[in-house]
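Participant: The structure's right below; bear with me while I get my questions together.
Any read-out appearing in this document is the output of simple, stated calculations on the displayed coordinates, not a laboratory observation. Quick caveat, the model's predicted, so the values are computed rather than measured. So basically every Cβ, Gly included, is an ideal-geometry build from the backbone, and we count neighbours across all protein chains shown.
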Amino acid sequence: MVHPHEMVRRGLESMMRENDSVARVTTFHDAGAAEVRLALPCTDVVICPCDLAAEVMELVAASREQQTKVLSLLEGSDEQQLAIAAEMPADGFLLVHEVTAQSLEDSLVRLANGDMPVPASLSKWMLERIRSGVSHRSKRPFFLTARELETLQVLARGFSNKQIARSLRISHHGAKRHVANVLAKLNCPNRTLAVALALREGIIDDPASEAAT
C-alpha cells in the first residue's frame with residue numbers, strides 16, 4: 001500500500017491485517033521509494049491514491065509483473081475527481097470515505113476474480129457521459145475478431161473472466177486471452193476504459209438499451 005498520509009495507511013493496514021485472505025501487508029509513504037520497486041514482484045495488489053495510480057502502474061509495467069493489480073483510492077465523488085478517475089489506468093477504485101473492512105475485502109476478492117471494483121457514483125457518471133457521446137458507428141479500424149467483439153459486449157455488462165467463460169462457453173484461460181487481446185487492440189489499460197471507448201465509438205451496443213428492448 002502506498003499513501004502519503006499516515007492515518008489512511010494505518011487505517012487500511014489494520015483492515016487488511018484483519019482479513020484472513022491477506023497474507024502480507026507492506027506500506028510505503030512514497031511510490032518512488034526503492035522499497036516499492038523491490039516489493040512489486042511478490043505483490044498481488046497495490047493500493048494507492050488516484051493521483052499516484054499512473055506512477056504505480058508504470059512501476060508495475062517496469063517490473064514486468066503483469067499479475068499485480070492497482071486499486072486506486074478516490075478522495076471524493078465530485079465532477080473533477082470522477083473525471084480524473086475515468087482517465088486513470090487502474091484496475092479498480094474505492095472512495096476513501098466509503099471504505100469499510102467489508103468493502104475493502106469485497107474489492108480485493110473482485111480483483112482476484114478478474115473483475116473491476118468501481119464505486120456506483122463513478123459507474124453512473126461514466127455511463128451518463130458515454131450515453132451522451134454515442135451518436136454513430138466507429139470508422140476507426142480496431143480489427144477485432146467476432147469472438148473479441150462478443151467478449152467486449154459481455155465486458156460491458158461487468159462480467160468477470162469466469163462469467164465471460166461461462167457466457168461464451170469457453171475456457172477460463174480463453175476468456176483471459178480474449179480480454180487481453182481486446183485491451184491491446186483498443187490500446188486501453190483496463191476494462192472500464194475499453195468499454196467506455198467501445199460504447200463511445202459505437203463498436204458495441206449499450207447494455208442498458210439491450211435490457212430495455
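Participant: Cross-link partners among aspartates and glutamates for Lys69, C-alpha distance below 18 Å, same-chain residues fewer than 8 apart left out?
Facilitator: Counting by Cα, and skipping residues close in sequence, Lys69 has these aspartates and glutamates nearby: Glu13, Asp30, Glu35, Asp44, Asp51, Glu55, Glu58, Glu87, Asp91, Glu105, Asp106, Asp115.
Participant: Using modelled backbone amide H atoms (1.01 Å from N, in-plane), which distant-in-sequence or interchain residues come within less than 5 Å of Val45's amide H?
Facilitator: For Val45, whose amide H was placed from the backbone, the distant partners under 5 Å are Lys69.
Participant: While we're on this one: Could you work out how much longer the chain between Ala23 and Ala208 gets when fully extended? Use 0.36 nm per residue separation minus the Cα distance between them, nm to one decimal.
Facilitator: Contour length minus Cα-Cα distance gives 62.7 nm.
Participant: Let me make sure I get this right: for the stretch 133-206, a, b and c are the square roots of the gyration tensor eigenvalues over alpha carbons, sorted descending. Under 1.5 in a/c it's rounded, otherwise prolate if a/b > b/c, else oblate. Which is it?
Facilitator: Prolate, because a/c is 1.5 or more and a/b exceeds b/c.
Participant: Name the residues whose placed amide hydrogens come within less than 5 Å of the amide hydrogen of Leu95, ignoring near sequence neighbours (fewer than 5 apart) on the same chain.
Facilitator: Leu74
Participant: What ranking do 116-125, 152-161 get when scored by the average of other Cβ atoms within 10 Å per residue, highest first?
Facilitator: 152-161, 116-125
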